[in-house]
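Input: a single structure, listed below in structure tokens.
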Amino acid sequence: MTNTGNLVSMVNTLREIAELHGYLAAGDVLAVQHQAHKIKGLSVNLEGERLRTVTAVMEKAARDENLNVAGRYLAELEEEFGLLKEAMQAATGGKT
């Protein structure tokens, strides 16, 4: 993926994570499941395997209607996103 493609995916992922916060706060199980699935797809585009793993757990928890478990992984999701962002910036000389 090009640097521009990576940047677009990173911005989209950040937006999707922000929306996920709201859905968790609202207790919207279907929206949490859908949002986790969207982030999982974006993480595949970014080659973020650990981010994909966390979002898969969150998606399954929401499918099982367990938002407590999904919510417990939110901090880990944000941490993995930050690590992925740092790795991409290092790989591109800060241009991602």
Cα centroid separation, the range 56-96 to the range 1-41 (Å): 9
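So for the chain, if I pair up every lysine 8 or more residues apart or on another chain, how many of those pairs have alpha-carbons under 18 Å apart?
Taking the Cα cut-off of 18 Å, the pair count is 5.
Any idea what the relative contact order of the chain is, in percent, if you count C-alpha pairs under 8 Å spaced at least 6 apart?
For the chain, the relative contact order is 28 percent.
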Within the chain: Cβ-based charge dipole about Cα centre, in debye rounded to nearest 20 (Lys, Arg +1; Asp, Glu -1): 200
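Read the figures in this text as sums done on the coordinates, not as results from a lab. Treat the numbers as computed from the prediction; the structure is a model and nothing was measured. Backbone-built Cβ (ideal geometry, glycine too); neighbour counts: all protein chains shown.
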